[in-house]
Amino acid sequence: MAHSNDSREKVRIKYYEDNMTKAQHVLSYIGFAAAIAVIFYIYYHSVIISAIGGLVLGYFQEKNNAKSVAKKRRGQLRLQFKEFLEIITISISGGSGRSMENAIMDAIPDLESIYNDKADIVREIKLIVSDYQAAAIPMTQGFKELGERSEIDDIISFATIYATIEGKTSDFGFIISQTHDIIKDKVEITMEIETTISSAKSEAYTMLVLPLVLIVIMSAMGSAFLGALFTTFVGRCAATFGLVCTLASYVIAVKATEIEV
């Protein structure tokens with residue numbers, strides 16, 4: 001069991017990939033296919049059309065969800081890295097002459113107390129420290145490699161600055177502190193924007209659900225108008241137009257809120 005845990009900790013994850021298991025992909029696909037099939041049924045009242053629509057569009061929605069999962073994990077790592085920078089900044093700015101390497105190693109218990117030993121930042125810092133202690137791989141190289149695997153600008157910037165100042169200046173504590181402040185401000189601005197985006201998403205999704213709710217209520221009331229919607233050619237065309245508008249609105253709402261900072 002110890003060997004299994006050690007192997008897990010040494011896995012070098014590419015954070016720009018979703019890293020979902022096959023079972024998670026399958027469950028995600030089933031969930032989206034079912035939800036889309038329900039929407040199709042609301043518009044068409046046809047099991048066959050609903051099943052085909054759910055199976056086809058569920059595939060594409062599952063792919064989009066996998067991208068969202070990867071983006072969310074990268075966002076979490078970015079926040080965790082900000083906390084890591086804050087810990088090492090405090091550690092090396094006390095004027096005690098502590099080296100960057102010692103500050104990074106000492107940051108692990110603090111990170112574990114904030115998150116847990118399974119958090120991505122904890123596992124990654126442990127991996128960097130392990131490479132440094134066991135194979136004498138410079139920590140600067142470890143952070144550079146982490147930046148490449150995560151494609152997070154903050155980590156890439158830190159790795160570049162760390163490699164530039166290592167062993168070349170006695171003011172590295174001040175430089176790291178300034179780097180931390182810049183990244184902290186950037187992350188806080190990003191969080192504010194994401195909060196605004198989340199609110200806009202909630203409003204957009206509410207507007208998308210309302211037509212579905214209205215159709216369901218009117219169908220339950222036995223409206224003759226909706227009866228024609230589900231049985232006549234003109235009604236099918238109108239239902240198709242409504243469904244296309246609903247799907248297009250969803251796509252536009254998602255794309256409009258995908259803002260990179």
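Test L243 against the criterion of being closer than 21 Å to V56 by Cα and at pLDDT 75 or above, and give yes or no.
Working: closer than 21 Å to V56 by Cα: yes; at pLDDT 75 or above: yes.
Considered against the rule, which asks whether it is closer than 21 Å to V56 by Cα and at pLDDT 75 or above, L243 comes out as yes.
Among residues belonging to segment 234-257 that are of a type outside the set (S, T, Y) and under 25 Å from the mean Cα position of the chain (by Cα), point out the one that is surrounded by the fewest Cβ atoms within 10 Å (Cβ to Cβ).
Pass one, segment 234-257, residues of a type outside the set (S, T, Y): 234-239, 241-245, 247-248, 251-256.
Cutting the leftovers down to under 25 Å from the mean Cα position of the chain (by Cα) gives us 247-248, 251-256.
On the way: L247: 15, A248: 10, V251: 11, I252: 11, A253: 16, V254: 14, K255: 8, A256: 12.
So, considering only residues that are of a type outside the set (S, T, Y) and under 25 Å from the mean Cα position of the chain (by Cα), the one surrounded by the fewest Cβ atoms within 10 Å (Cβ to Cβ) is K255.
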How many residues of segment 168-195 are over 19 Å from L77 (Cβ atoms), acidic (D, E) and modelled with pLDDT under 80? The answer is 1
Checked against (1) modelled with pLDDT under 80; (2) surrounded by 11 or more Cβ atoms within 10 Å (Cβ to Cβ); (3) part of a helix (DSSP H, G or I), S202 satisfies every condition except (2)
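Looking at segment 180-197, can you tell me whether even one residue there is over 18 Å from N102 (Cβ atoms) and not in a helix (DSSP H, G or I)?
Kept after step one, since they are over 18 Å from N102 (Cβ atoms), are these residues of segment 180-197: 181-197.
Among the residues that remain, those that are also not in a helix (DSSP H, G or I) are: none.
Within segment 180-197, not a single residue is over 18 Å from N102 (Cβ atoms) and not in a helix (DSSP H, G or I).
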Scanning segment 115-131 residue by residue, the ones that are surrounded by 15 or more Cβ atoms within 10 Å (Cβ to Cβ) and under 24 Å from the mean Cα position of the chain (by Cα) total 11
With the first residue restricted to segment 27-41 and required to be under 17 Å from Y250 (Cα atoms), and the second required to be of a type in the set (S, T, N, Q), Cβ contacts under 8 Å at 6 or more apart or on different chains are F32/Q61; F32/N65; I36/Q61; A37/S50; V38/S50; I39/T246; F40/S46; F40/S50
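With the structure loaded, tell me whether A135 is more than 26 Å from the chain's Cα centre (by Cα), under 17 Å from R12 (Cβ atoms) and of a type outside the set (D, E, K, R) or whether it fails that test. Step through it out loud before you land on a result.
Working: more than 26 Å from the chain's Cα centre (by Cα): yes; under 17 Å from R12 (Cβ atoms): yes; of a type outside the set (D, E, K, R): yes.
Criteria met by A135.
Which is at pLDDT below 90 and surrounded by fewer than 17 Cβ atoms within 10 Å (Cβ to Cβ), of S7, S91? Before you say what the answer is, go through the steps one by one.
Details: S91 fails: surrounded by fewer than 17 Cβ atoms within 10 Å (Cβ to Cβ).
Just one listed residue meets the conditions, S7.
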Does any residue of segment 57-74 turn out to be in contact (Cβ under 8 Å) with a residue 24 or more places away in the chain and closer than 22 Å to D185 by Cβ? yes
Here the residues within segment 139-150 that are in contact with a helix residue (DSSP H, G or I) (Cβ under 7 Å, 6 or more places away or on another chain) and either in contact (Cβ under 8 Å) with a residue 40 or more places away in the chain or not polar (S, T, N, Q) (or both) are M139, G142, F143, K144, L146, G147, S150
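The values are calculated or read from the model by the stated rules, or taken from the named source; none is laboratory data. Bear in mind that the values here come from a model prediction, so they are computed numbers and not experimental data. Every residue, glycine among them, receives a Cβ derived from its backbone with ideal geometry; neighbour counts consider all protein chains shown.
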